[in-house]
Amino acid sequence: MSKIAIVTGGTRGIGEAISKGLKQAGYKVAATYAGNDAAAEKFKGETGVAVYKWDVGDPKACADGVAKVESEVGPVDVLVNNAGITKDGMFHRMTPEQWSAVMRTNLDSLFNMTRPVIEGMRARGFGRIISISSINGQKGQMGQVNYSTAKAGVIGFTKALAQENANKGITVNVIAPGYIATEMVQAVPQEVLKTKILPQIPVGRLGEADEIAAAVLYLAGDMGGFITGSTLSVNGGQYMA
């Protein structure tokens with residue numbers, strides 16, 4: 001019987017690759033998104049993956065959304081917390097709105113999405129919770145105090161939750177990508193990529209979204225069952241924690 005997976009922010013970028021990878025591996029996938037209806041419908045048409053629209057920063061929307069997925073697709077076995085935003089700026093000029101928006105989407109969402117699925121996972125004796133952090137949650141990044149704080153919080157959340165649920169057949173892990181060739185990174189001027197970013201990456205290239213998806217598949221699968229509370233860095237050697 002196919003396992004059920006929810007991927008937040010699952011219709012674009014890294015999330016799109018994760019959703020596709022899980023489907024190709026035989027999972028039944030529900031991909032959530034926040035606002036880009038056109039992209040979500042295009043993704044649904046191309047992949048056949050079910051899409052659901054809700055704000056992962058809203059606890060009630062998440063509880064209602066998970067309940068809808070479980071009624072239409074089935075009990076959730078795998079949760080991939082991928083949704084994230086940036087509101088960059090130097091801290092001495094950062095507004096409360098910039099801080100709160102990033103915390104709400106990038107960190108509060110882990111509680112909002114995981115809380116509705118954890119009891120079912122515990123009752124069934126199986127679960128995989130995989131959250132996408134960032135290299136900048138490990139090393140920090142100028143101009144991203146809000147983002148780096150939230151992504152570091154993802155790692156702390158994971159370590160604690162892993163300890164609480166290891167004896168219930170549930171693993172909880174983090175993937176921390178480096179610079180991945182998504183639309184956002186590819187929009188950076190080529191000169192900046194060549195002179196500022198790529199020289200920091202020992203393998204000499206950007207990562208691919210499919211490489212993050214492959215890491216998710218490993219942690220979600222049976223062969224990842226002895227890994228919990230861990231952070232898997234997929235960054236081309238840019239930062240070695």
- Query: What number goes with the only condition from (1) touching a residue at least 40 places away in the same chain (Cβ under 8 Å); (2) in a helix (DSSP H, G or I); (3) within 20 Å of A83 (Cβ to Cβ) that A166 does not pass?
  - Reply: (3)
- Message: Looking only at residues that are within 19 Å of M113 (Cβ to Cβ) and among the small types (G, A, S) in region 22-55, which one is nearest to the chain's Cα centre (by Cα)?
- Response: A31
- Kindly provide the set of residues from region 169-183 that are in contact with a helix residue (DSSP H, G or I) (Cβ under 7 Å, 6 or more places away or on another chain) and either assigned to a helix (DSSP H, G or I) or loosely packed, with under 15 Cβ neighbours inside 10 Å (or both), ordered by number. E183
- Message: Please determine whether any residue of region 61-80 is surrounded by fewer than 21 Cβ atoms within 10 Å (Cβ to Cβ), out of contact with any helix residue (DSSP H, G or I) (no Cβ under 6 Å at 6 or more places or on another chain) and more than 30 Å from R122 (Cβ to Cβ).
- Response: no
- Is there a residue being without any contact (Cβ under 8 Å) to a residue 40 or more places away in the chain, over 24 Å from S148 (Cβ atoms) and among the small types (G, A, S) anywhere in region 97-107? no
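Can you tell me which residues in region 18-36 are at pLDDT 95 or above and closer than 23 Å to G57 by Cβ?
Answer for region 18-36, where residues must be at pLDDT 95 or above and closer than 23 Å to G57 by Cβ: I18, S19, V29, A30, A31, T32, Y33, A34.
Sort out which residues of region 135-156 are among the small types (G, A, S), touching a residue at least 24 places away in the same chain (Cβ under 8 Å) and on the phi < 0 side of the Ramachandran plot, and write them in order of number.
So in region 135-156, the residues among the small types (G, A, S) come out as 137, 140, 143, 148, 150, 152-153, 156.
If we keep only those that are touching a residue at least 24 places away in the same chain (Cβ under 8 Å) too, we end up with 137, 143, 150, 153.
Listed by number, the residues that qualify are G137, A150, G153.
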- Task: Scan (1) surrounded by 15 or more Cβ atoms within 10 Å (Cβ to Cβ); (2) of a type outside the set (F, W, Y); (3) over 18 Å from L110 (Cα atoms) for the single condition D58 breaks and write down its number.
- Result: (3)
- Residues of region 115-157 that turn out to be β-branched (V, I, T), farther than 17 Å from Q238 by Cβ and buried (at least 23 other Cβ atoms within 10 Å of the Cβ), as a count: 4
- Query: On the given criteria, is A40 of a type in the set (G, A, S) and either crowded, with 24+ Cβ neighbours inside 10 Å or closer than 15 Å to T182 by Cβ (or both)?
  - Reply: no
- Residue selected from region 169-210 under the condition touching a residue at least 24 places away in the same chain (Cβ under 8 Å) and among the charged types (D, E, K, R), by the criterion farthest from M121 (Cα to Cα): R205
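The values are calculated or read from the model by the stated rules, or taken from the named source; none is laboratory data. Remember, it's a predicted structure, so these values are computed and weren't measured experimentally. Cβ atoms come from the backbone with ideal geometry, glycine included; neighbour counts cover every protein chain shown.
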